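The values are calculated or read from the model by the stated rules, or taken from the named source; none is laboratory data. Predicted model, so just to flag it, every value in this text is computed and none were measured. In this analysis, Cβ positions are derived from the backbone assuming ideal geometry, glycine residues included, and neighbour counts consider all displayed protein chains. Note: areas computed on protein heavy atoms with side chains; ligands, DNA, RNA excluded. Shrake-Rupley method; radii C 1.70, N 1.55, O 1.52, S 1.80 Å.
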Amino acid sequence: MKLNESTEHYNLHNGCLEGKYAVFSQKKLAQLKGVFADEQAFAAKDGEEIVYEVSSHTVVPEGTPGGLFFGTSCIHPGTVGGEYYMTKGHFHAKRECGEYYWGISGTGLLLLMDENRNCTAQLVKKNSLHYISGYTAHRLVNIGDDDLVVGACWPSDAGHDYGSIETEGFPVRVICRDGEAVIVDDAHAAG
(Lines give C-alpha, C1' and ligand atoms only; values in the text may rest on other atoms or scores of the structure.)
Protein backbone atom coordinates (compact mmCIF):
# COMPACT_ATOMS: atom_id res chain seq x y z
CA MET A 1 0.00 0.00 0.00
CA LYS A 2 1.29 3.44 -0.94
CA LEU A 3 1.21 6.14 1.73
CA ASN A 4 -0.25 9.41 0.42
CA GLU A 5 0.56 12.74 2.04
CA SER A 6 -2.37 15.09 2.61
CA THR A 7 -2.57 18.09 0.29
CA GLU A 8 -4.61 19.94 2.92
CA HIS A 9 -2.78 21.94 5.59
CA TYR A 10 -3.72 23.80 8.76
CA ASN A 11 -1.42 26.34 10.42
CA LEU A 12 -1.68 25.80 14.17
CA HIS A 13 -0.50 29.35 14.97
CA ASN A 14 -2.73 31.49 12.77
CA GLY A 15 -5.49 29.08 11.75
CA CYS A 16 -4.89 29.47 8.00
CA LEU A 17 -6.06 26.63 5.80
CA GLU A 18 -4.45 25.59 2.52
CA GLY A 19 -5.37 23.05 -0.11
CA LYS A 20 -7.85 22.36 -2.89
CA TYR A 21 -10.80 22.18 -0.46
CA ALA A 22 -10.01 25.47 1.27
CA VAL A 23 -12.52 28.28 0.66
CA PHE A 24 -11.95 31.88 1.78
CA SER A 25 -14.21 34.87 2.38
CA GLN A 26 -13.83 38.35 3.85
CA LYS A 27 -16.31 40.75 5.40
CA LYS A 28 -15.57 44.39 4.84
CA LEU A 29 -17.08 47.02 7.09
CA ALA A 30 -19.46 48.18 4.33
CA GLN A 31 -20.96 44.65 4.28
CA LEU A 32 -21.88 44.96 7.97
CA LYS A 33 -24.35 47.83 7.65
CA GLY A 34 -26.94 47.56 10.43
CA VAL A 35 -24.74 45.37 12.64
CA PHE A 36 -23.28 48.20 14.75
CA ALA A 37 -25.45 50.50 16.89
CA ASP A 38 -23.79 53.84 16.08
CA GLU A 39 -24.75 54.52 12.46
CA GLN A 40 -22.91 57.87 12.34
CA ALA A 41 -19.64 56.31 13.52
CA PHE A 42 -20.19 53.49 11.02
CA ALA A 43 -20.67 55.95 8.14
CA ALA A 44 -17.49 57.84 9.12
CA LYS A 45 -15.26 54.75 8.86
CA ASP A 46 -13.59 53.29 5.77
CA GLY A 47 -16.07 50.79 4.31
CA GLU A 48 -13.22 48.89 2.64
CA GLU A 49 -11.65 47.94 5.98
CA ILE A 50 -11.69 44.17 6.49
CA VAL A 51 -13.40 43.32 9.79
CA TYR A 52 -13.11 39.54 9.60
CA GLU A 53 -12.01 36.67 7.39
CA VAL A 54 -13.20 33.08 7.26
CA SER A 55 -11.48 30.05 5.78
CA SER A 56 -13.27 26.73 5.50
CA HIS A 57 -12.33 23.20 4.53
CA THR A 58 -15.33 21.88 2.58
CA VAL A 59 -14.47 18.44 1.25
CA VAL A 60 -18.15 17.54 0.69
CA PRO A 61 -20.84 19.75 -0.88
CA GLU A 62 -22.87 21.93 1.49
CA GLY A 63 -26.05 20.13 2.50
CA THR A 64 -24.44 16.66 2.53
CA PRO A 65 -25.92 14.69 5.45
CA GLY A 66 -23.34 13.13 7.75
CA GLY A 67 -20.44 15.32 6.59
CA LEU A 68 -18.38 17.82 8.55
CA PHE A 69 -16.94 21.22 7.74
CA PHE A 70 -13.85 22.66 9.43
CA GLY A 71 -12.93 26.31 9.45
CA THR A 72 -11.34 29.30 11.09
CA SER A 73 -12.49 32.86 11.66
CA CYS A 74 -10.13 35.78 12.16
CA ILE A 75 -11.77 38.89 13.60
CA HIS A 76 -9.49 41.91 13.45
CA PRO A 77 -9.28 44.39 16.35
CA GLY A 78 -11.25 47.61 16.12
CA THR A 79 -14.40 49.41 17.14
CA VAL A 80 -17.27 51.35 15.62
CA GLY A 81 -18.44 54.03 18.02
CA GLY A 82 -16.89 52.10 20.90
CA GLU A 83 -18.55 48.81 19.89
CA TYR A 84 -16.05 46.02 19.25
CA TYR A 85 -15.66 44.38 15.85
CA MET A 86 -17.71 41.21 15.55
CA THR A 87 -19.07 38.65 13.13
CA LYS A 88 -22.61 38.97 11.77
CA GLY A 89 -23.74 36.02 13.86
CA HIS A 90 -26.18 33.31 12.82
CA PHE A 91 -28.45 30.45 13.72
CA HIS A 92 -28.07 27.26 11.74
CA ALA A 93 -30.68 26.73 9.01
CA LYS A 94 -31.18 23.27 10.53
CA ARG A 95 -31.72 24.67 14.02
CA GLU A 96 -30.96 21.38 15.79
CA CYS A 97 -27.32 21.31 14.59
CA GLY A 98 -24.57 22.08 17.08
CA GLU A 99 -21.03 23.34 16.49
CA TYR A 100 -17.65 23.46 18.23
CA TYR A 101 -15.44 26.56 18.52
CA TRP A 102 -11.95 26.69 20.01
CA GLY A 103 -9.64 29.60 20.65
CA ILE A 104 -6.42 29.71 18.63
CA SER A 105 -5.16 33.21 19.49
CA GLY A 106 -6.36 36.57 20.73
CA THR A 107 -9.12 37.40 23.20
CA GLY A 108 -12.81 37.65 22.53
CA LEU A 109 -16.31 36.79 23.55
CA LEU A 110 -18.68 34.20 22.14
CA LEU A 111 -22.21 35.57 22.38
CA LEU A 112 -24.88 32.86 22.51
CA MET A 113 -28.60 33.51 22.09
CA ASP A 114 -31.43 31.00 22.34
CA GLU A 115 -34.64 31.26 20.34
CA ASN A 116 -36.28 33.18 23.21
CA ARG A 117 -33.54 35.85 22.84
CA ASN A 118 -31.84 34.98 26.14
CA CYS A 119 -28.11 35.71 25.89
CA THR A 120 -25.00 34.41 27.57
CA ALA A 121 -21.33 35.09 26.86
CA GLN A 122 -18.19 32.97 27.10
CA LEU A 123 -14.60 34.20 27.15
CA VAL A 124 -12.65 32.96 24.11
CA LYS A 125 -8.88 32.75 24.34
CA LYS A 126 -6.06 30.45 23.26
CA ASN A 127 -6.95 26.80 24.00
CA SER A 128 -10.53 27.51 25.17
CA LEU A 129 -13.18 25.07 23.89
CA HIS A 130 -16.83 25.98 23.31
CA TYR A 131 -19.75 23.71 22.45
CA ILE A 132 -22.63 25.56 20.78
CA SER A 133 -25.80 23.53 21.13
CA GLY A 134 -28.55 23.44 18.55
CA TYR A 135 -31.19 26.17 18.52
CA THR A 136 -28.51 28.72 19.53
CA ALA A 137 -27.38 31.77 17.56
CA HIS A 138 -23.70 32.60 17.91
CA ARG A 139 -21.49 35.61 17.28
CA LEU A 140 -17.79 36.24 17.92
CA VAL A 141 -16.56 39.60 19.27
CA ASN A 142 -12.90 40.63 19.36
CA ILE A 143 -12.27 42.46 22.66
CA GLY A 144 -8.47 42.48 22.38
CA ASP A 145 -5.74 44.41 20.60
CA ASP A 146 -4.71 41.47 18.37
CA ASP A 147 -6.55 39.30 15.87
CA LEU A 148 -9.05 36.89 17.44
CA VAL A 149 -8.58 33.56 15.65
CA VAL A 150 -11.11 30.82 16.35
CA GLY A 151 -11.44 27.31 14.92
CA ALA A 152 -14.80 25.70 14.19
CA CYS A 153 -16.30 22.35 13.20
CA TRP A 154 -19.95 21.93 12.17
CA PRO A 155 -22.22 19.55 10.20
CA SER A 156 -22.07 20.06 6.44
CA ASP A 157 -25.87 20.13 6.26
CA ALA A 158 -26.34 22.68 9.10
CA GLY A 159 -26.57 25.70 6.79
CA HIS A 160 -26.64 29.31 8.00
CA ASP A 161 -29.56 31.56 8.87
CA TYR A 162 -28.20 35.12 8.90
CA GLY A 163 -31.60 36.64 8.15
CA SER A 164 -32.99 36.19 11.67
CA ILE A 165 -30.04 38.12 13.10
CA GLU A 166 -30.20 40.81 10.40
CA THR A 167 -33.88 41.35 11.23
CA GLU A 168 -33.84 41.15 15.03
CA GLY A 169 -30.16 41.34 16.04
CA PHE A 170 -28.83 40.26 19.40
CA PRO A 171 -30.38 41.90 22.49
CA VAL A 172 -26.91 42.79 23.85
CA ARG A 173 -23.85 44.62 22.56
CA VAL A 174 -20.21 44.56 23.63
CA ILE A 175 -18.69 48.00 24.03
CA CYS A 176 -15.38 49.38 25.24
CA ARG A 177 -15.89 51.44 28.39
CA ASP A 178 -12.79 52.81 30.16
CA GLY A 179 -10.65 50.27 28.28
CA GLU A 180 -12.74 47.29 29.38
CA ALA A 181 -15.25 45.15 27.50
CA VAL A 182 -18.76 45.65 28.88
CA ILE A 183 -21.88 43.79 27.81
CA VAL A 184 -24.89 46.11 27.70
CA ASP A 185 -28.52 45.85 26.67
CA ASP A 186 -28.92 46.91 23.04
CA ALA A 187 -30.93 50.02 23.99
CA HIS A 188 -27.97 51.25 26.07
CA ALA A 189 -25.19 50.50 23.56
CA ALA A 190 -24.40 54.12 22.72
CA GLY A 191 -23.95 55.22 26.34
Residues that are part of a strand (DSSP E or B) and of a type in the set (A, V, I, L, M), drawn from the range 127-153: 129, 132, 137, 140, 141, 148, 149, 150, 152
Result of the Cβ filter at 8 Å on the range 7-32, keeping first residues that are among the β-branched types (Val, Ile, Thr) and partners that are surrounded by 13 or more Cβ atoms within 10 Å (Cβ to Cβ), at least 6 apart or interchain, is 23/55; 23/56; 23/57; 23/58
Any residue at all in the range 20-31 that is modelled with pLDDT under 95 and part of a loop (DSSP other than H, G, I, E, B)? yes
Find the residue count for the range 122-176, including only residues that are β-branched (Val, Ile, Thr) and touching a helix residue (DSSP H, G or I) at 6+ places or on another chain (Cβ under 8 Å). 1
Spot the failing condition for residue 167; the list is (1) out of contact with any Phe, Trp or Tyr (no Cβ under 9 Å at 6 or more places or on another chain); (2) surrounded by 14 or more Cβ atoms within 10 Å (Cβ to Cβ); (3) not in a strand (DSSP E or B), and only one is missed. (2)
Here, strands (runs of 3 or more DSSP E) confined to the range 34-126 with at least 1 residues that are under 19 Å from residue 180 (Cβ atoms) and either open to solvent by 20 Å² or more (accessible area, probe 1.4 Å) or β-branched (Val, Ile, Thr) (or both) are 68-75, 107-114, 119-125
Which members of the range 154-164 meet the condition of being of a type in the set (Asp, Glu) and part of a strand (DSSP E or B)? 161
Leading residue by the ranking (farthest from the chain's Cα centre (by Cα)) among those in the range 26-46 that are farther than 28 Å from residue 159 by Cβ and not hydrophobic (A, V, I, L, M, F, W, C): 40
Would you be able to tell me the number of residues in the range 62-81 that are more than 21 Å from residue 19 (Cβ to Cβ) and under 19 Å from the mean Cα position of the chain (by Cα)? 6
